[in-house]
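Report on the structure given below.
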Amino acid sequence: MALIFAGLTDSQESNEKILGYLKKAGLSASFALPAARARENDVLIKDLVKSRQQLIGSGILVTEGSRLDGNCP
């Protein structure tokens, strides 16, 4: 089974809960993040790395209407 998250939520509390659930269950997930969002959430990024979650770069910025696969609607 693979868990892949496309980005983070806007709630720091929710992001921390997700990481807590993964740790408690002993699971690893992949988080696809644009560089700008990673930079805004540096503490969470450090926690993700410490808990051996995989980080996937998805560009510099994500604009409204863009998609993870790079195809615009």
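Here, each number is a calculation from the coordinates, and none is a lab measurement. Note that this is a predicted model, so its numbers are computed, not measured.
Tabulated data for the structure shown
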item	result
Region 9-21 - phi-based ³J(HN,Hα) in whole Hz, Karplus 6.51/-1.76/1.60, Gly and Pro as x	7, 7, 9, 4, 4, 5, 4, 5, 5, 4, 4, x, 4
Rounded, prolate or oblate (a/c below 1.5 giving rounded, otherwise prolate when a/b exceeds b/c) for region 4-57 by Cα gyration tensor	prolate
Interchain or long-range residues, amide H under 5 Å from Leu55's placed H	Phe31
